1. Given 25 °C and 0.890 mPa s, compute D for segment A:1-76 with the Stokes-Einstein relation, Rh being the Kirkwood radius over Cα pairs; round to the nearest whole µm²/s.
2. Give the shape of segment B:22-72 as rounded, prolate or oblate, defined through the alpha-carbon gyration tensor: a ≥ b ≥ c are the square roots of its eigenvalues, a/c under 1.5 means rounded, and otherwise the shape is prolate if a/b is larger than b/c and oblate if not.
3. Go from 0 up to the bin containing the longest alpha carbon distance in segment B:262-332, width 10 Å each, and give me the % of pairs per bin.
4. Given the alpha-carbon gyration tensor of the protein assembly as shown, what are the semi-axes of its equivalent ellipsoid in whole angstrom, ordered largest first, with each equal to the square root of 5 times an eigenvalue?
5. Restricting everything to alpha-carbon atoms, can you work out Rg to Rh for chain A with a Kirkwood hydrodynamic radius?
6. How high is the FRET efficiency from residue B:191 to residue B:93, r the C-beta distance, R0 22 Å, rounded to 0.05?
7. Of all DSSP beta bridges in the protein assembly as shown, what percent run antiparallel (nearest 5)?
8. How many nm separate the modelled label positions at residue A:19 and residue A:134, each set 7 Å beyond the Cα in the direction of the Cβ?
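Read-outs: derived from the displayed coordinates by stated rules, not from any lab. Note that the coordinates shown come from a computational prediction; the quantities given were computed from them, not determined experimentally. Don't worry about glycine lacking a Cβ; one is built from the backbone with ideal geometry, like all the others, and counts go over all protein chains shown.
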């Protein structure tokens, strides 16, 4: 009988551990993320999408604007996945590079601005919750994540320019470097 | 050959039934499923006479797509095609979820579809559901489908008081709508994932597997070389598109490393390089879709997919290393 009871206790314990983790997150992470989401959603609504489109049109000529400033602002304003739609202002040749950079900004900024990519928040939050458990501030990690991202995502976009040229030669095609806009 | 098919949802699925057939230029079934070709694609093509196209290798002009077949677990892809007005068939059971969930509706999306859910239809059964909107009612000052506030805002000469009222109303409404969206996101996207990860962590901790797990994880994620190996594996061009979908692998790896950091088995400053190591495959599965959002041409997608996979590979390990350099002085 005792064996059955301890077996049952062990079984329940499997889920109790998970429940403790869950309710701790519900008490700490959920309210904070929710408040941030509301504030960010409001700011984005008030600023409007048109302004970021204007910036995008002017950013296609310069690599620093193209792979650092625009994807950072775009990720903040339009969030994942609509940040990729700004790529339509780029020449064909640079679209893969913009994508490469923007997709990474959807993560590296996500620590401070969780509205950008809430569906994949746990890439950051999974690791950061360990930091929180130690009683250390998560913000330090989030800020450095953002800063390293700012530099490395730019480099990532730039390197994609080179790999695109390589694949172009491999496949024997040439992508246009001129912006083409129908509308 | 050129018949129509009826597609219903599988058990636990969402949406449908959809009735599909070739209409004018729309004669292609595009599948974006990270490499393999689901059986239902062949079945649909057999019944309708449509052509199958691998959306991962090439792209199709949107006006030629009859339907899109995807295997999305609930982040992005399942909303993108419905948003563009393309009927979407998901072989996973995902319902309305992800950031584009408002576009996932029963008249354009059906999920958990297998071969048994696809059946031919007789032409005679089909009736067009779409009827034109009824004629507009004659203009009056107040109409029953508009609130007084909406009527006021359309009037041309507004008094100052009306303007202030409308302005305040607009700001409050913006906040309120933002809050509604945020709560939706938490309920449908963040909390479900939290539940899943908490269960996983609980099972690992409660069953005693945790200690065994720590023995594997700590040497690998507990120093920069191990993290660089994780980053290297995740960025391999033939592997990265398989690890990408929904960021699920990255999120689970992140949570497991988080547990080890919390227990002191991994030094906290390594959290920074770890963030980069578990995500070198970032969006590798999403390249054709993302380029589609950027209105890229077919050629660009054909060049762009391998190009981004290569650049992810070249960048992956250096990113981890730079992040490790940047982690000096963190939490000391």
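1. Numbers: Rh = 16.9 Å.
It comes out at roughly 146 µm²/s.
2. In terms of gyration-tensor shape, oblate.
3. Histogramming segment B:262-332 at 10 Å steps yields 19, 35, 24, 16, 6, 0 percent.
4. Numbers: eigenvalues 281, 173, 163 Å².
Gyration-tensor ellipsoid for the protein assembly as shown: 38, 29, 29 Å.
5. Numbers: Rg = 21.7 Å, Rh = 18.8 Å.
Using only Cα positions, Rg/Rh for chain A is 1.16.
6. Values: r = 19 Å, r/R0 = 0.85.
About 0.75, to the nearest 0.05.
7. On the way: 9 of 24 bridges.
Percent antiparallel among DSSP bridges in the protein assembly as shown is about 40.
8. 3.1
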